[in-house]
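Engineer: Encoded as structure tokens, here's the structure I'll be asking about.
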Amino acid sequence: MSQGWLSKKLKDVCVMQRGFDLPKKDRRSGNFPLISSSGAIDFHAEAKVTGPGVVTGRSGSIGQVFFIEEDFWPLNTSLYIKEFHGNDPRFIYYLLKSFDLSRYTSGAGVPTLNRNHVHDEDVLIPLDIEEQKRIVAILDQAFSDIDKARALTEKNLKNARELFESYLRKVFSQRGERWVDSTLANVAENLDRKRIPITKKDRVEGEYPYYGASGIVDYVNHYIFDEELLLVSEDGANLLARTYPVAFTATGKYWVNNHAHVLRFKDSFIQKFIEYYLNSISLRPYVSGMAQPKLNQKALNSIPVPSVDSVIAKNVVGRLSALEDELNRVQKIYKAKLDRLDELKKSLFQKAFAGELTKDSEESAA
């Protein structure tokens with residue numbers, strides 16, 4: 001620990017107070033942000049607290065910490081800090097962000113942050129306000145650089161996925177010879193009748209994957225399928241949002257519940273060909289219900305698909321698989337970079353509040 005740092009209880013460094021109730025019917029349009037446990041949700045004509053201040057969740061969404069520059073109204077789902085006992089407000093903001101606030105929650109239903117437990121935590125803090133501001137400046141710059149790097153990495157990750165999806169659509173829009181228009185019912189056998197849902201309380205933990213609409217959701221002690229089959233999401237928001245594939249192959253021994261359709265094909269290359277195809281098209285015309293999107297069996301069977309022989313399917317699948325392998329390689333690189341950025345943030349927090357952000361570390365962070 002650096003010279004000039006002292007160990008104190010958090011309550012001797014700042015005071016967390018409960019926010020104020022404000023029913024929706026009493027809210028009036030204005031310029032002062034209303035801060036809930038998840039951040040600014042609206043603006044009001046009045047403010048309860050003069051900025052700057054720090055806000056975190058008291059109930060519901062726990063873990064995020066917000067620095068509010070202007071006057072604001074903290075709602076009763078939040079805890080706010082206005083009394084900083086002479087410490088730099090932004091230093092306290094970073095100090096609180098370094099906490100794992102989930103450790104201080106209680107309640108079986110809606111989690112609630114126990115303010116007294118947080119207040120009783122021991123923290124290290126420099127007595128010199130200028131030292132606090134120096135550390136804040138280091139963290140501001142470092143986190144700004146990290147956020148920029150994260151945004152660029154996430155953009156590259158998204159671009160890589162979109163490039164593959166664009167190529168996928170191009171392949172299926174430029175149909176070659178011997179591509180025949182058909183329907184899914186004519187190229188695959190539907191095995192939905194064999195599915196068996198198991199409620200979570202009735203599942204016995206085991207080694208066999210238990211598939212649902214989004215892939216593997218659990219592991220159970222028995223299986224009902226022992227072959228390579230194509231599973232297609234039957235319900236869920238992803239049918240329209242397409243955050244992840246709606247069609248995916250299951251192999252080995254496994255169980256499938258009633259949230260994924262089960263299709264058997266006569267040839268593995270044709271199966272993979274149809275998997276790529278279904279993931280390249282919009283399913284919106286075949287999905288019923290907007291609040292709870294559903295692709296029922298009749299609609300699934302009616303989806304128009306290209307019917308090709310095994311030779312053509314193998315050729316198309318070979319090209320797409322090679323590109324997908326490259327996409328997966330690139331995705332691993334980008335995801336590893338995102339993990340490193342997260343670890344760097346944790347390391348900076350640890351050093352900052354252990355009194356280890358020296359001049360040397362300031363230069364290395366830059």
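Engineer: Within the stretch 85-110, track down each residue that is charged (D, E, K, R) and open to solvent by 60 Å² or more (accessible area, probe 1.4 Å).
Structural biologist: ARG90, LYS97, ASP100, ARG103
Engineer: While we're on this one: Suppose the filter is in contact with a strand residue (DSSP E or B) (Cβ under 6 Å, 6 or more places away or on another chain), acidic (Asp, Glu) and either more than 21 Å from GLY30 (Cα to Cα) or modelled with pLDDT of 95 or more (or both); does GLU121 pass it?
Structural biologist: The answer is no for GLU121.
Engineer: Mind checking which residues of the stretch 203-213 are without any contact (Cβ under 8 Å) to a residue 40 or more places away in the chain and within 16 Å of ASN258 (Cα to Cα)?
Structural biologist: If the condition is that a residue be without any contact (Cβ under 8 Å) to a residue 40 or more places away in the chain and within 16 Å of ASN258 (Cα to Cα), then ARG203 is the only one that fits.
Engineer: Can you say whether ALA213 is open to solvent by less than 70 Å² (accessible area, probe 1.4 Å), in contact with a Ser or Thr (Cβ under 8 Å, 6 or more places away or on another chain) and more than 22 Å from ILE270 (Cβ to Cβ), as far as the supplied structure shows?
Structural biologist: When the stated conditions are applied, ALA213 passes them.
Engineer: Just one of (1) within 13 Å of SER307 (Cβ to Cβ); (2) open to solvent by less than 80 Å² (accessible area, probe 1.4 Å) trips up ASP181, so point out which.
Structural biologist: Of everything listed in (1) within 13 Å of SER307 (Cβ to Cβ); (2) open to solvent by less than 80 Å² (accessible area, probe 1.4 Å), ASP181 misses just condition (2).
Engineer: To continue, here is another question. For the stretch 149-171, indicate whether the set of residues that are among the small types (Gly, Ala, Ser), under 27 Å from GLU324 (Cβ atoms) and modelled with pLDDT under 95 is non-empty.
Structural biologist: Among the residues of the stretch 149-171, at least one is among the small types (Gly, Ala, Ser), under 27 Å from GLU324 (Cβ atoms) and modelled with pLDDT under 95, which makes the answer yes.
Engineer: Considering only residues that are in contact with a helix residue (DSSP H, G or I) (Cβ under 6 Å, 6 or more places away or on another chain) and open to solvent by 40 Å² or more (accessible area, probe 1.4 Å), which ones fall in the stretch 184-210?
Structural biologist: ALA185
Engineer: Right, here's the next one. Taking the stretch 83-103, which residues are assigned to a helix (DSSP H, G or I) and either within 13 Å of VAL65 (Cβ to Cβ) or touching a residue at least 40 places away in the same chain (Cβ under 8 Å) (or both)?
Structural biologist: Listed by number, the residues that qualify are PRO89, ARG90, PHE91, ILE92, TYR93, TYR94, LEU95, LEU96, LYS97, LEU101, SER102.
Engineer: Find the residue count for the stretch 1-14, including only residues that are assigned to a strand (DSSP E or B) and either among the charged types (D, E, K, R) or surrounded by fewer than 16 Cβ atoms within 10 Å (Cβ to Cβ) (or both).
Structural biologist: Total satisfying the criteria: 4.
Engineer: For the stretch 115-139, what are the residues that are part of a helix (DSSP H, G or I) and closer than 19 Å to THR56 by Cβ?
Structural biologist: If the condition is that a residue be part of a helix (DSSP H, G or I) and closer than 19 Å to THR56 by Cβ, then ARG115, ASN116, HIS117, VAL118, HIS119, VAL136, LEU139 are the ones that fit.
Engineer: Additional query: Being touching a helix residue (DSSP H, G or I) at 6+ places or on another chain (Cβ under 9 Å), touching a residue at least 24 places away in the same chain (Cβ under 8 Å) and either of a type in the set (D, E, K, R) or within 30 Å of LYS9 (Cβ to Cβ) (or both) narrows it down to one residue among LEU127, LEU168, LEU139, LEU157; which is it?
Structural biologist: LEU139
Engineer: Another question about this same structure. Go through the stretch 131-167 and count every residue that is within 28 Å of ALA354 (Cα to Cα), surrounded by 13 or more Cβ atoms within 10 Å (Cβ to Cβ) and of a type in the set (Gly, Ala, Ser).
Structural biologist: The total comes to 2.
Engineer: Next question. Looking only at strands (runs of 3 or more DSSP E) that lie completely in the stretch 233-328, which have at least 2 residues being in contact with a Lys or Arg (Cβ under 8 Å, 6 or more places away or on another chain), open to solvent by less than 40 Å² (accessible area, probe 1.4 Å) and in contact (Cβ under 8 Å) with a residue 12 or more places away in the chain?
Structural biologist: 260-264
The values are calculated or read from the model by the stated rules, or taken from the named source; none is laboratory data. Please read these numbers as outputs of a predicted model, since none were measured by experiment. Ideal geometry is used to build each Cβ from the backbone, glycine not excepted, and the neighbour counts take in all protein chains shown. Quick note on the areas: whole protein, heavy atoms, side chains included, nothing else; ligands and nucleic acids left out. Shrake-Rupley method; radii C 1.70, N 1.55, O 1.52, S 1.80 Å.
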